[in-house]
Amino acid sequence: MKILVMGPPGAGKGSQSAKIVDSYKIPSISTGQMFRNAYEDNEPIGIEAMKYIKNGELVSDEITNELVRLRLQKNDTERSFLLDGYPRTVTQAVALDGMLKKMGTDLSAVINILSSNDVLFERMEARRVCKECGATYHLVFKKPVVEGVCDKCSGELYQRADDTLESVKRRLEIYETKTKPLLDYYDKKGILYNINGMQSFDKVYADIELVLRDL
Ligand code: ADP
Ligand code: ADP
Ligand code: ZN
């Protein structure tokens, strides 16, 4: 099972990806999470990437492709993997096709989570993330048991530097212009599945499972 999870910022990619990798026991490759981890660990690539991330801009295709290329070289991705938030540009999609071709494989499905902009703004404003493990919460819909503390690892919850109004606006613009064209690219390959993201966490997941079980 080699799948991509796509959708605008705040659609629920990270939340649903966490559930998928947990139940199917497959490795997750989230470029956003990898950049945030590298930043937390003071790695040069993380510090460079955060300059773009905090303003809602994309990190360069070059840096991002290289990050994914190195990650896909690890043995655990041979049979299955889930890509969350990559590719985000046509250049990245073409680069990914090249990497997969070299591995002698291809994507099984692209799960595209859809949502209205109103819902996206609301979700990102109320999103909180664990500094330690990256788990995602929502101040209303997915509250931690203890305020400000991660249920899973007791790490500190924070608001992402790019979940500000200005940055969210910019990310949505970029999604429209740079990422949306990819949907056509995958639709033409016949592997695109649209999922309504404006439902409960469980309902969204149930709809995704209907797609995955037939792969
Ligand atoms: P993405 O990775 O696409 O940016 P996230 O999974 O981080 O999205 O979700 C964005 C925010 O919305 C988080 O606070 C998350 O808890 C919340 N959220 C995600 N899916 C739902 C849902 N189906 N219902 C309510 N809140 C949701
Ligand atoms: P969201 O879907 O909520 O925007 P992500 O964690 O997927 O969150 O991405 C956060 C930020 O990390 C993006 O706005 C962008 O700056 C950077 N990023 C993540 N993935 C990519 C990518 N494939 N190409 C370029 N930049 C990326
Ligand atoms: Zn945690």
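The values are calculated or read from the model by the stated rules, or taken from the named source; none is laboratory data. Keep in mind that this is a model prediction, so the values were computed, not measured. Here the Cβ positions follow ideal geometry from the backbone for every residue, glycine too, while neighbour counts run over all protein chains shown. Ligands, DNA and RNA are excluded from the accessible area calculation, which covers all protein heavy atoms including side chains. Shrake-Rupley method; radii C 1.70, N 1.55, O 1.52, S 1.80 Å.
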(Q) Looking only at region 182-215, count every residue that is acidic (Asp, Glu) and touching a strand residue (DSSP E or B) at 6+ places or on another chain (Cβ under 8 Å) and tell me the total. (A) 1
Q. Which of the residues spanning region 25-38 are away from ligand 1 (no atom under 16 Å from the Cβ) and either open to solvent by less than 20 Å² (accessible area, probe 1.4 Å) or β-branched (Val, Ile, Thr) (or both)?
A. ILE26, ALA38
Q) Which is at positive phi and either modelled with pLDDT of 95 or more or open to solvent by less than 90 Å² (accessible area, probe 1.4 Å) (or both), of GLY148, GLY197, GLY155? A) GLY148
Q | Among residues of region 130-145, those that are touching a residue at least 40 places away in the same chain (Cβ under 8 Å), open to solvent by less than 60 Å² (accessible area, probe 1.4 Å) and near ligand 3 (Cβ under 9 Å from one of its atoms), counted | A | 2
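Tally up the residues in region 105-141 that are assigned to a strand (DSSP E or B), among the hydroxyl-bearing types (Ser, Thr, Tyr) and in contact with a Gly (Cβ under 6 Å, 6 or more places away or on another chain), please.
Looking only at that region, the number is 1.
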Q: State which residue is nearest to GLU40 (Cα to Cα) when the search covers only region 158-180 and only residues that are β-branched (Val, Ile, Thr) and open to solvent by less than 70 Å² (accessible area, probe 1.4 Å).
A: THR164
Q) Does region 44-59 contain any residue that is closer than 19 Å to ASN196 by Cβ, in contact with a Lys or Arg (Cβ under 6 Å, 6 or more places away or on another chain) and more than 16 Å from ligand 3 (Cβ to nearest atom)? A) no
Q | Extreme residue, nearest to ligand 1 (Cβ to nearest atom), among residues of region 119-144 that are farther than 13 Å from TYR158 by Cβ and aromatic (Phe, Trp, Tyr) | A | PHE141
Q: Could you check how many residues of region 179-194 are closer than 21 Å to VAL119 by Cα and touching a Leu at 6+ places or on another chain (Cβ under 7 Å)?
A: 2
Q) Do we find a residue being within 25 Å of ILE195 (Cα to Cα) and open to solvent by 80 Å² or more (accessible area, probe 1.4 Å) anywhere in region 61-72? A) no
Q: Select, from ASP41, ASP76, ASP22, the only residue that is touching a residue at least 24 places away in the same chain (Cβ under 8 Å), farther than 29 Å from ASP184 by Cβ and open to solvent by 10 Å² or more (accessible area, probe 1.4 Å).
A: ASP76
